[in-house]
Structure formats: C-alpha cells, structure tokens
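The structure appears below as structure tokens.
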There are 2 protein chains.
Amino acid sequence: MPATDAKGTLTAEHIQQFKTILGDTYVLSDEENLTHYGHDETEHLQYPPEVVLKPRTAAEIAAIMKICNKDLIPVTPRGAGTGLSGGALPHLGGVLLSTERMNSILSIDERNLQVITEPGVITEVLQNAVKEKGLFYPPDPSSRGSCFIGGNIAENSGGPKAVKYGVVKDYVLNLEVVLPNGEIIWTGANVLKNSTGYNLTQLLVGSEGTLGIVTKIVLKLIPFPKFDLLMLVPFASLEKASEAVSAIFRAGFVPSALELVEIDALKIVSKMVESTAVPVDDSIAAHLIIEVDGNNMDVLMNEMESIAALLTQFDAGEIFFADDAQQKAELWKLRRRVAEAVKTSGYTIEEDTVVPRAELPALIKGVKELGKQYGFHAVCYGHAGDGNLHIRINHPTIKNSHGNAEMTEALRALFELVKKLGGTISGEHGIGLIQKPYMTTVFRDANLYIMREIKKAFDPNNILNAGKIFDLN
Amino acid sequence: MPATDAKGTLTAEHIQQFKTILGDTYVLSDEENLTHYGHDETEHLQYPPEVVLKPRTAAEIAAIMKICNKDLIPVTPRGAGTGLSGGALPHLGGVLLSTERMNSILSIDERNLQVITEPGVITEVLQNAVKEKGLFYPPDPSSRGSCFIGGNIAENSGGPKAVKYGVVKDYVLNLEVVLPNGEIIWTGANVLKNSTGYNLTQLLVGSEGTLGIVTKIVLKLIPFPKFDLLMLVPFASLEKASEAVSAIFRAGFVPSALELVEIDALKIVSKMVESTAVPVDDSIAAHLIIEVDGNNMDVLMNEMESIAALLTQFDAGEIFFADDAQQKAELWKLRRRVAEAVKTSGYTIEEDTVVPRAELPALIKGVKELGKQYGFHAVCYGHAGDGNLHIRINHPTIKNSHGNAEMTEALRALFELVKKLGGTISGEHGIGLIQKPYMTTVFRDANLYIMREIKKAFDPNNILNAGKIFDLN
C-alpha cells in the first residue's frame, strides 16, 4: 500500500466514521475493489486506495471531507475511471471517493433549455435524455458511452462535436461543489451571461478534482439539429490531409465534426471491431471524417459538395458518403474505438497535444521525427478541426511514460515543439498525474505560482487530489 | 483629492520615475485630465486620480507596476471609460493607467482564424478589420463604437449577438498580462481547446482589472455570416413580449439577436436621435427586435416567417421588416443609443440583472412593483434572449445609488428577487465599485473568501484596482 507521506494516517476509526455516514455497504476495502479503483484508463498505472467510499449526496461528501480535512487524509475523487491522464488515480492511498451512485438527472428545464444533473450520470445517457425533448448537449468524448458527466467537467472534455459546438466549459452554467473543508457552494447562477465576481465556475471546470467535488451541474442546452451528413475522405499523405483541415475553415465552412485518423490506427481498429466499412489500401495514409449538421438538408448537401470539391486540391481520394444511419454509426464506432484498439495493440502511451489548426502538418512531421530519434512508433488521430491531435506511442520496451526518464525526455521534446507552434500539452484529457512534469515546458514560474496559490485558497491542507496537475510543495 | 488610506503616498519622486519610463508627455496631472479620468459612464460619480499614465508597452506597464507594488501606490487600469459599474473609477486616488495608446491590431491570422490585438483598440474597429478578411468577432456591446476590447475583456462584455454567438469569454484564447508585481505572463495558449492546468485565461476575463493588466489578447474568429434579416415586433404588454422570448427558443430557433425595448425607453431615444423609424403609439408597451443570420437567404426568410407566425400567439402587433441596410442601421442605432438617451433623461441608475430567460416576465413584474414601493420609475430593455435585462431607474431625488442607503435597500430587494429567480446581479457590466454591496446577496461567505484569496494570490499588496468587486479586508 503506498505511503501517505506527510499526510495523516487512515485508521479503523475513520473507517467506522465513514460507515456511520454512508452505511456499511458503501465503504469498501476488499482487495478486489481496491484493485479496481486503483486504475483508470491511463497507461498501465495502478495505485490502490486504502478505502473506497460511495456517497449518494453532497451532504455525505461534506461530512466525509470534514473528517479528512481535519485528519489530513488524502481524498481522490473519481467518476467512471475513463481518464487518460491519471487524474483519478489514488497515488497517495487514502480515500477513493466514487461519484457512481450520484447518477440522477435532476431536471430538464425545457422553458430555459437547461439540465440539472448529478455528476455520476453517463454522458451519453444525459445526451439521450435531453434529445428526447428535442435538445442537444454537444460535448461527446469518445468514451461518452461509459464516462461520467462529472469527469467531463473535471477534465474540460471535448470530443468530435467541439469543433462546431465548443467543449464542456462552453455549456457549464453553474456548479454545486463540496469544498475540501466540507462547505457546499454554488459557483455561479443558472444564467447564460455572468459578470458577477471571479468566474469560479470556469475555474472549477478543468481543475481535475483538485479544488472541489462537483455534486450538481447546470448545463446549457441548445435545439437539436435536425439533419447531419457524414463523409470519409482518404488522403495519400498525412500532411495533405492536415493541410486540408485548415483550408475548410478558411473557405468559411464550420463542420460539426472534422476528425483525422491515420491509416495505421484505422487498420488496428477495423481489425478489432471486425469491420470492413473503410477500405484500407497501401495508397492511403490517412482519412478525414467530416460531418455537417443543421436544419436544412439542401443547405447541408450543398455544403458537403462544396467541401468535397475543395478537397480535390489536396489530392483527396475517392470520397465515401455515409448514406444512412447505419453507415454513419459504423463510421463513428470505428472512430470512437480507435483509442481502445491502439492501446490494446501496444500503443499504451497517449498524448493529447493541441496546436493552432494550421500548425497540424508541422506537428505531425515533428512527431514522426521524434519517433525515429527515440525509437518509438506513433499513430496520430483526433480532432483535427480543433488542432487537437492524439498521439499514441508504441515503444518496444517502455509501456508507461510515468516515471520513465527516457520517455520523459522524448515527451518533453514533443511539448517543446508544441509550445513553439503556439500550442499546449492537453486539449481535453488534462494533466493529472502523468503530464505534471511538463507543466514547466509551457508555463512560467509565475503561472505555476498563481495556480498553486489558487489550490491553497480552496484546499489549504492539500488533501483533495493532491499531487495532480502540479506538486504543491 | 481622495485619501489613499492604508496605502502608500504618491510623491514627486514617483512622478519623476514615471516620466523617466514614459516620457513627460504621457504623465499627466493637470486638473482637466484628472477630472476627465475621474469618471466613466457610471451614474454621476467622480473620483479623480492623482496622476494619469499612458504607457505604450507591456514593459512600460511592468516597470510602473514594480514601483507601485513596492511603494503601495493604488493603480486603476482604464480602457475607454465606457464602463457602467465603476470599474475604472480611481476611487482611492493614486495612478490612473490608461491603455489608450496600446491601440494596434498586431496580426490577423487567416490561417487559424485568430486575431492578436492590443487592449486599447476600439471594439468596432477590431470587428471591421477582421470583417474585411471575411471574419467575425461577434461580441458587440452597445458602446462598441467607443469602448476598448481590453475593457470588454475586463467586464466579460456581451451585446445583442451574445444570444447566438456567446460573450467575450467565449472568444478569448490567450492573454498577455502584467501582474501587479510587474511580471509578464501569458495565461494560456493560442488554441481552441485547453485542459492544461487551471484556466487562468477565463479567470482573468471578467476580473475587472483587479488581477492583472491585459496587454495582448488572442481572440478566436469565425467566418462572417453572409446574410441577416431584422424585424421589429410591437406588443401590447411587456409580459407578453417577454413570454414570447422563451417561446422562440423552445420552438427551436436561435436568433442572432433578440432584444427587448420598453416603449418609454424607445420614446426617449427616438426623440433624442430625432427618428420616426419606429411608430410609437399608446397601444404598444414594448418591442422585440429580432435578427436571424446565416449563409442561406431562403432559410433565413423561412425562419423569420416561422418566428413571425409564432409571435401571433403572444398578441404581437404589426411586424415591421427592415428592408435594407439603411433601415437595419436605423433600428440598431435606436437600440444602441437607448442607454445614453435614458441616462440623459434622468434615468441615471442602471442595473444589469440576468435571469433564466423564462423568468423575465416575473423579473419585469417585480421591477415595476419595487418602483412603486420605493418611488422610482424604471424602464427595461436589453438582451432578452439571454435573460439579461437592463433596468434604468429614474428617482426624483436620488441620482447615484452608490453611497445612498435608500436606493441600496431598493436594489438589495431587486437582487434578492433576481437570486430567487435563479439569476444574478450582472450579466455583462460587472460589479466594479457600485454593485459591491450586493455580492453577499448572491454569494455565500465561502465564495467570497475564495475570491479574496485569489485576489491575494495575484496581488498580495492589494494595489491593483483595490476595492472593486469586493473589499479585501
């Protein structure tokens, strides 16, 4: 069991107090549970907690936090455990606080186009519930079938739709939060515009569970677009594909998705899901998946045709138009399962770089060069329309970047390139545990000083998800 | 000259140091300038600074801040002085730091749809510059012809377009900021998605010049929509007009503007600008101004017709469609000059309430009742589509709310109603000096504690725009 250095020790007495608050059923410390809650989807890392707590209410969390704050017990909040930066790993032991039982959608306000939800609702469940009312919550991480909306808030998640509709931060109006000292606050108000004091709502979004535990979420919704069209476009070179991306926007189009998948990744995922939907031949280096949506089919058809015409300037191959819902679903399934497929195939190290979109070709070129230099193979895919490139690394011997000096050096070189291109480390996965060493690559000491002081303002005892994003001391 | 209590004293030696940094021309302490820079557009308040500084560069501001931070001289940053909450009022004396010379658009990046600008650029100038490249920066406060983009960042401004396109915070990607200690940082990166540490960019937006002085701004741009249509719709009752607002969204429409103007306000502004564009008769209580925009005229025509049909359910009168650019400009001129017109007519006290949009009828009803109770007349107008209602108050004897016990009581009652409706104090004007007493109406102590600690993290000596939003001690 990992040491809780410089922290308080979790005792049998604490366990008893937790059982009084939650009932015996929701205080778990058997080996199977400790193992399960000791990992998320980040590399192959494993850090078991000392106890797993499953509260149902903000009041229960407040009671737990008061105890932990008093006795300096580390607390790691966790959603569905689909994170890719280690934000939910209880690397200091202590309490793992799972929000899985807080899984109710509290109200869908059709008058104001808002939804109030608890954090443990699966993102896709939430999306489907509001869709039944004709409403749309766009942010759709690839893991939306299993991730929690609370985790999405913590990491400021994106997904394919972000390119047109924005990321999680653009939909969060107000948050109920349990602070590390057990106080419960609302960060803002249920309004579309707000200039009332510092924006604590936006500060909480993307703070990776280090500032407070989100217990209720008010999200803005928009009308659900009536139609969408989807096409798949092959390119003979990765560079041409990524050049085409910024040309689409320069021509005045705003697709509702603009994804890039390198051919190696597509081969792997096609094999895994046993799909032959996408032709995979040696003349193809990468595909773009392009979707447009809206309320007028004629307009969308025109848009698609104009985009297709534009892409001929970038040596695009034969375009495949998804004709019906089934073909669209098949394409999206392939795209959504890329991460899982390549990880299973040995690409265990994932990066979440983001650059201004016109710099994608330079980034991709740099990645391939670094691969040669450091002896790894990388596949690239992701939200090209946003300049957000996921880079999966397969190294013959190094399977975790965390704690590995050689891979740390390689990644630092990658992030220096990203910084030089005007970009940064993470577009949607967060810093968590594993990207922490690179914060100094993109930020000055003064930035990190301020972030640390903000952390201290919320959590003076540094008990809540300590050692994530940055070390406090 | 106001006392700089508990602060350092500005001496002749400081003035000499400022002259060495800026040159004599840009260090002003004559009576005329002190008077001019002693007010903004907030009520009838006047607080002259002790000296006015006009730096040209971030480095000059850094040098000034180092001196002021060391000797505890209060510094109040100022854009164009169009603020409505007193954020730019140097109520503690000391240094007034004007950004008016930092007025260059540094680059328009057509490859990435971004603009980098200095803070002293007039918002409309920026909008026109990017429009020449086919690009669109939507946030358009009514004062856009005179306000600075830097001030818009400070207050997280909105404007009519916010209802479809969002407010300033939705366009700010990255900020160069001089911290109170003179350090210069960039808050983020020039990217569309960012999950890399706490969101200092969003924390700075709307922080009203209390955390740092913004010296460069990176904004996201979008393609400029090709067409727009505008209509003016009269209603026999204010309640019906505001009920119609949320019905439009519930029916699936997202107008690019949805403004409400009460008839009294329209009468005043029509008279001021000598316009007969809008018929003003006794059967009309309020108008909605509704705009749709997009790239396909047929779609827009259909949308406008559908909205018009929907409005008949709310007893709308005869709809006026603006036929050409001139008619549109005339309508917008009327709308944009309402604030100035009603202020000139004695409506000196302005509130910037925001509620979930379906609560507008309840808010308007409450405002009128409070008017009867406290003996004032109020006119309502504003961004109804966002639930953002400007309330202008004309009291026979009280012309400033700031420091007036009776008006403070009335406004506290107003904000308690707003809070009850799920709303908050300010949608786009900020808290500044005059809304400070009401922060406790909408926030708990724990919220204010955290805001104060954040302020201390940036500005431990409390020299930068001290006493705005909240008092530190």
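The values are calculated or read from the model by the stated rules, or taken from the named source; none is laboratory data. In this text, all values refer to a predicted model and were calculated from it rather than measured experimentally. Every residue, glycine among them, receives a Cβ derived from its backbone with ideal geometry; neighbour counts consider all protein chains shown.
Quick notes
- Being assigned to a helix (DSSP H, G or I), under 30 Å from A:SER401 (Cα atoms) and at pLDDT 95 or above holds for only one residue in A:LYS368, A:LYS328, and it is A:LYS368.
- Screening B:ASP140 against (1) in contact with a Lys or Arg (Cβ under 6 Å, 6 or more places away or on another chain); (2) touching a residue at least 40 places away in the same chain (Cβ under 8 Å); (3) buried (at least 20 other Cβ atoms within 10 Å of the Cβ) leaves a single unmet condition, (2).
- Residue that is farthest from the chain's Cα centre (by Cα), among those in the stretch A:83-139 that are within 11 Å of A:LEU221 (Cα to Cα) and of a type in the set (Val, Ile, Thr): A:ILE108
- Output for the stretch B:147-172, where each listed residue is more than 18 Å from B:PHE224 (Cβ to Cβ), in contact (Cβ under 8 Å) with a residue 60 or more places away in the chain and either touching a Gly at 6+ places or on another chain (Cβ under 7 Å) or not polar (S, T, N, Q) (or both): B:CYS147, B:PHE148, B:GLY150, B:GLY151, B:ILE153, B:ALA154, B:GLU155, B:ASN156, B:GLY158, B:VAL167
- Only one entry in B:SER146, B:SER142 is outside any strand (DSSP E or B) and out of contact with any strand residue (DSSP E or B) (no Cβ under 7 Å at 6 or more places or on another chain), namely B:SER142.
- When residues of the stretch B:250-262 are limited to those that are buried (at least 22 other Cβ atoms within 10 Å of the Cβ) and of a type in the set (A, V, I, L, M, F, W, C), the one nearest to B:ALA339 (Cα to Cα): B:VAL261
- When B:LEU126, B:LEU96 are checked against the criterion of being assigned to a strand (DSSP E or B) and either in contact with a Lys or Arg (Cβ under 7 Å, 6 or more places away or on another chain) or surrounded by 20 or more Cβ atoms within 10 Å (Cβ to Cβ) (or both), a single residue qualifies: B:LEU96.
- Check on A:ALA247, more than 23 Å from A:MET301 (Cα to Cα), surrounded by fewer than 23 Cβ atoms within 10 Å (Cβ to Cβ) and among the small types (Gly, Ala, Ser): no
- Matching helices (runs of 4 or more DSSP H) fully within the stretch A:378-471 where at least 2 residues are farther than 21 Å from B:ILE185 by Cβ and either more than 14 Å from every other protein chain (Cβ to nearest Cβ) or without any contact (Cβ under 8 Å) to a residue 24 or more places away in the chain (or both): A:405-420
- Qualifying positions in the stretch B:99-111 - surrounded by fewer than 24 Cβ atoms within 10 Å (Cβ to Cβ) and in a loop (DSSP other than H, G, I, E, B): B:GLU100, B:ARG101, B:ASN103, B:SER104, B:GLU110, B:ARG111
- Considering the stretch A:352-362, and only residues there that are part of a helix (DSSP H, G or I) and buried (at least 24 other Cβ atoms within 10 Å of the Cβ), the residue that is farthest from the other protein chains (Cβ to nearest Cβ) turns out to be A:LEU360.
- Residue count, the stretch A:154-168 (criterion: out of contact with any helix residue (DSSP H, G or I) (no Cβ under 6 Å at 6 or more places or on another chain) and either more than 8 Å from chain B (Cβ to nearest Cβ) or not in a loop (DSSP other than H, G, I, E, B) (or both)): 7
- Restricting A:ASP298, A:ASP293 to those that are outside any helix (DSSP H, G or I) and at negative phi reduces the list to A:ASP293.
- Verdict on B:VAL205 being crowded, with 23+ Cβ neighbours inside 10 Å, more than 30 Å from B:GLU318 (Cα to Cα) and modelled with pLDDT of 95 or more: yes
- Residues satisfying the stated conditions in the stretch B:139-167, i.e. more than 11 Å from B:THR123 (Cα to Cα) and hydrophobic (A, V, I, L, M, F, W, C): B:ALA154, B:ALA162, B:VAL163, B:VAL167
- Taking the stretch A:129-138 as the range and being within 19 Å of A:ASN190 (Cα to Cα), in a loop (DSSP other than H, G, I, E, B) and within 14 Å of chain B (Cβ to nearest Cβ) as the test, only A:PRO138 passes.
- A:LEU84 vs. criteria crowded, with 17+ Cβ neighbours inside 10 Å, of a type in the set (A, V, I, L, M) and within 14 Å of chain B (Cβ to nearest Cβ): yes
- Here B:GLY209 meets each of (1) among the small types (Gly, Ala, Ser); (2) touching a residue at least 60 places away in the same chain (Cβ under 8 Å); (3) facing another protein chain (nearest Cβ under 10 Å); (4) over 25 Å from B:ASN128 (Cα atoms) with one exception, condition (3).
- When B:TYR449, B:TYR374 are checked against the criterion of being over 24 Å from B:GLU41 (Cβ atoms) and surrounded by fewer than 23 Cβ atoms within 10 Å (Cβ to Cβ), a single residue qualifies: B:TYR449.
- The stretch B:108-122 residues that are within 23 Å of B:ALA80 (Cα to Cα) and more than 12 Å from chain A (Cβ to nearest Cβ), paired with ones that are assigned to a strand (DSSP E or B) and at pLDDT below 95 (beta carbon under 7 Å, 6 or more apart): none
- Every residue from the stretch B:175-189 that is facing another protein chain (nearest Cβ under 10 Å) and surrounded by 24 or more Cβ atoms within 10 Å (Cβ to Cβ): B:VAL177, B:THR187, B:ALA189
- Number of the exception - A:THR201 against (1) within 8 Å of chain B (Cβ to nearest Cβ); (2) without any contact (Cβ under 8 Å) to a residue 60 or more places away in the chain; (3) in contact with a strand residue (DSSP E or B) (Cβ under 8 Å, 6 or more places away or on another chain); (4) not acidic (Asp, Glu): (1)
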